[in-house]
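The next block holds one structure in the form of structure tokens; read it before the comments.
Derivation of every value follows stated rules applied to the coordinates shown; laboratory data play no part. Quick caveat: nothing in here was measured; it's all calculated off a predicted structure. Glycine gets a Cβ as well: all are built from the backbone with ideal geometry, and neighbour counts include every protein chain shown.
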Amino acid sequence: MADLIKNEVYFYQNNIISKEEAAALGFTEKDFTEGYKNTIAYSILSKHNKSENTQKGGKLNIVFDALASHDITYVGIIQTAKASGLKEFPLPYVLTNCHNSLCAVGGTINEDDHMFGLSAAKKYGGIYVPANLAVIHTYMREMMSGCGKMILGSDSHTRYGALGVMACGEGGPELVKQLLKRTYDINYPEVIAVVLKNKPKKGVGPQDVALSLIKAVFKNGFVKNKVLEFVGDGVYNLPIEFRNGIDVMTTETTCLSSIWITDKKTEDYFKVHKRADAFKKLEPKGLAVYDGAVVIDLEKVVPQIAMPFHPSNVFDLKEVIQKPYEILKEVEEQGRKLLNNKSYTLTDKIKDGKVYIEQGVIAGCAGGTYDNIYMASNILKGKSCGSGRFSLSVYPSSQSIYIDLVKKGAVATLMEAGAVIKPAFCGPCFGAGDVPCNNGLSIRHTTRNFESREGSKPSAGQIASVALMDARSIAATAASGGILTSAEETDYNDKIKKFTFDFAPYKNRVYSGGKEEGAELQYGPNIKDWPEVNSLKDNMLVKIASAIYDDVTTTDELIPSGETSSYRSNPLKLSEFALSRKDPGYVERAKKAGEKAVCEKASDFPEAFKEAKEGLSLTKVKNFNLVSGVFAVKPGDGSAREQAASCQRVLGGGINIAREYATKRYRSNLINWGIIPFTNDKFDFKTDDIIFIPSVREKIENGTENFDVKVLRKGKVYDTVLKLDKLTDTEKQIILDGCLINFYKSEALK
């Protein structure tokens with residue numbers, strides 16, 4: 001279904017051609033060298049770049065057209081920007097309320113955050129979207145997208161490429177930089193062509209195509225931190241919402257951003273949403289040269305299922321249905337190893353050769369589109385979800401979509417079949433809505449299925465699982481009363497009525513009135529300022545507070561999602577949950593290591609570092625940071641949430657060590673919170689190791705890449721090297737100052 005081309009690709013008139021064919025057409029070596037400038041990505045990046053260097057591999061300083069945050073992230077971002085001198089929002093900033101919108105945990109604190117957001121929009125001149133009106137990415141698609149734009153969001157699924165927007169999801173500090181009129185600094189990224197051919201078969205939806213792409217590129221890292229540019233005749237065969245459904249899932253490939261060619265269907269989308277002037281034709285020019293390609297024959301894509309516990313754990317749905325025991329047993333064994341729990345089971349879902357599911361969910365920016373839900377209603381028309389264990393919840397992703405589904409009769413059809421219709425909400429994507437029963441298996445058209453992301457608590461003996469599927473096959477399963485079923489094997493009407501956009505909910509409820517004279521921020525009792533952070537001293541002593549040897553460590557494991565999101569406005573309270581599902585002892589170990597934070601001389605070392613003085617011969621060394629550290633093989637996959645880093649910092653964290661970092665955004669979050677992102681290829685660090693990093697400040701200042709360090713373990717000393725990939729001058733200074741807030745404060749004093 002997906003073929004990878006791992007060398008330069010020459011794209012001309014919507015087809016891949018060989019270099020020899022290009023030469024025969026008259027293209028020269030200069031065309032081959034300069035061909036990257038003919039990509040859509042280049043045209044957009046160069047327009048938004050404020051540096052003088054737009055060359056391949058050069059450093060870009062990007063200024064975005066708009067920002068977007070939701071109610072888990074915007075309080076911390078605005079608090080950070082305020083502490084750094086924010087006076088007004090210098091560009092459109094949309095504050096949505098789609099994550100903590102249930103207000104079900106923590107008393108008043110969720111709605112207090114919402115009132116803070118509204119007051120911030122009035123004080124600084126932002127756009128405020130009230131709870132349950134729209135999920136963040138649907139609102140941005142409907143109201144803020146535009147061909148050739150760039151948008152930055154504090155949510156990892158910030159992807160609007162199918163609408164001609166290059167969008168990125170990053171941690172909050174990167175949005176703070178934009179609010180303070182700074183830039184997003186990256187090396188010019190490699191660009192991978194995603195060439196779509198033909199058209200999908202009946203029964204195949206956007207999630208099936210997306211999972212096929214993720215399966216092809218995630219584990220081999222083929223598109224990591226690169227831009228995906230969707231081209232080819234197959235694009236024209238896809239409705240816009242189908243494209244949006246694929247596009248939003250590109251986050252799970254670990255790419256940096258995405259962009260698509262635009263056409264009449266794109267133009268019609270903007271016309272329907274009463275923003276015709278947002279359309280512009282985007283396509284590669286002349287001979288476009290890409291750094292590689294993924295070729296997907298849409299006609300060969302079949303319904304897919306991403307089994308627990310990752311969107312890349314993909315199987316053909318038909319294969320799972322035909323050989324349930326073999327596949328579920330394989331996934332069960334993987335799960336037992338990952339969870340370190342021998343009682344975890346999936347094979348108990350098999351009865352009489354069929355797989356029985358407890359729950360189905362269609363929701364959020366990936367699943368809750370008009371097309372997906374309408375198609376699900378077609379499949380369930382005249383059918384029943386049954387009165388047994390299986391349940392189906394459907395969340396239209398905006399009120400405008402909900403209204404039209406009501407008018408077109410799709411909502412009534414779903415309700416008659418036994419589905420429950422709920423308002424726009426991201427909860428099922430991160431564990432704050434529709435938590436399954438213990439040992440339950442939920443099939444979802446949402447974005448992720450990491451361990452415990454659905455809301456279970458392994459520490460309390462609760463384990464549930466999520467498998468990702470397309471809305472079409474979820475509806476087919478619902479029509480079978482919960483027996484796993486493929487839409488490809490289901491007879492249904494695949495025609496949908498044309499969508500009609502209703503602007504009234506936004507007109508009547510969204511605040512977009514600009515700055516109000518005299519407006520002040522409204523604080524609730526849970527909204528706290530960031531604690532003070534120390535600058536980097538001459539030397540550093542680190543105690544490893546957690547060593548994780550899983551193949552990949554997600555941000556969900558570094559700071560759990562779900563109910564913890566209610567405390568995202570309280571750094572001290574939230575930090576108590578850090579690594580709680582992966583390593584429950586981490587918080588106390590980190591606190592003890594960072595208890596004193598700074599020491600002038602070795603004789604003052606606290607209990608956590610008492611053996612370091614003699615064991616590492618430090619009696620004459622002075623001026624230390626005393627910090628905790630985390631080792632993980634490949635940390636940072638998944639969400640953009642900055643709290644995966646900031647919670648470590650609040651607890652006294654000072655370094656991470658990894659074989660490699662799963663995403664650019666997690667490494668950026670570490671740097672912005674003053675945590676040094678080291679790598680090490682060989683040494684097997686263990687919990688309670690003590691690491692001495694001499695002259696750390698001087699080495700950061702000098703741009704040193706290899707740090708010779710000593711590791712003390714049970715009285716024995718080992719030598720190893722920590723590597724630090726090249727930092728920009730700004731990144732160096734942020735680490736030297738201790739965090740981004742300190743950096744801006746120090747600049748203000750100059």
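The distance from the alpha carbon centre of segment 181-258 to that of segment 540-568 is 28 Å, rounded to a whole number. Looking at Leu60, Phe116, Asn100, which one has the Cα that reaches farthest to the positive end of the dipole of segment 55-198 (charges on Cβ: Lys, Arg +1; Asp, Glu -1)? Going by the Cα projections, it comes out as Leu60. Amide H contacts for Gln359 (H built 1.01 Å from N in the peptide plane; partners 5 or more residues away or on another chain; cut-off under 5 Å): Ser391, Leu441, Ile443. Let a ≥ b ≥ c be the square roots of the eigenvalues of the Cα gyration tensor of segment 66-182; is it rounded (a/c under 1.5), or, if not, prolate (a/b larger than b/c) or oblate? Here segment 66-182 falls in the oblate category. For segment 66-182, the relative contact order is 32 percent, taking Cα pairs closer than 8 Å that sit 6 or more residues apart in sequence and dividing their mean separation by the residue count.
Between Ala366, Thr413, Gly388, the Cα set farthest toward the positive side of the dipole of segment 332-442 (charges on each charged residue's Cβ, about the Cα centre) is that of Gly388. Neighbours of Ile40 by Cβ distance under 13 Å: Lys/Arg scored +1, Asp/Glu scored -1, total +3. For the chain, the residue among Gly654, Pro525, Ile40 whose Cα projects farthest onto the positive side of the dipole built from Cβ charges is Pro525. Assuming charge only on the beta carbon of Lys and Arg (+1) and of Asp and Glu (-1), the dipole of segment 539-748 about its Cα centre is about 320 debye to the nearest 20.
Karplus-derived 3J(HN,Hα) values for segment 501-512, using 6.51 cos²θ - 1.76 cosθ + 1.60 with θ = phi - 60°, are 7, 10, 7, 3, x, 6, 4, 8, 10, 7, 8, 9 Hz; glycine and proline are entered as x. For segment 241-361, the square roots of the Cα gyration tensor eigenvalues, ordered a ≥ b ≥ c, give a/c of at least 1.5 with a/b greater than b/c, which places it in the prolate category. Estimated from helices alone, the mean residue ellipticity of the chain at 222 nm is -8000 deg cm²/dmol (sum of -39500 (n - 2.57) over DSSP H runs with n ≥ 4, per residue). Annotation for segment 616-689 versus segment 103-149: alpha-carbon center distance of 32 Å.
For segment 1-55, the average shadow cast by the Cα convex hull is 5.2 nm², which is a quarter of the hull's surface. Note on segment 106-175: the alpha carbon radius of gyration divided by the globular reference 2.2 N^0.38 Å gives 1.22.
To the nearest 20 debye, what is the magnitude of the charge dipole of segment 66-182 about its Cα centre, counting +1 on the Cβ of each Lys and Arg and -1 on the Cβ of each Asp and Glu?
The dipole magnitude comes to about 480 debye.
Simple point charges give the picture: +1 on the Cβ of Lys and Arg, -1 on the Cβ of Asp and Glu, and for segment 498-546 a dipole about the Cα centre of about 340 debye.
Full extension of the chain segment joining Thr679 with Asn15 gains 235.0 nm, where the gain is 0.36 nm per residue of separation less the Cα-Cα distance.
Shape of segment 539-748 from its Cα gyration tensor (a ≥ b ≥ c, root eigenvalues): rounded if a/c is under 1.5, otherwise prolate when a/b > b/c, or oblate?
The shape class here is rounded.
Across the chain, the relative contact order, built from alpha-carbon pairs under 8 Å that are at least six residues apart, equals 14 percent. Taking one quarter of the surface of the C-alpha convex hull of the chain gives a mean projected area of 31.8 nm². Just the Cα atoms of segment 198-287, one point each, no solvent: what log10 I(q)/I(0) does Debye give at q = 0.10, 0.14, 0.20, 0.25 Å⁻¹? Rounded to two decimals, the profile gives -0.28, -0.55, -1.04, -1.31. Computed on the Cα atoms alone, the convex hull of segment 304-504 gives a volume of 106 cubic angstrom per residue.
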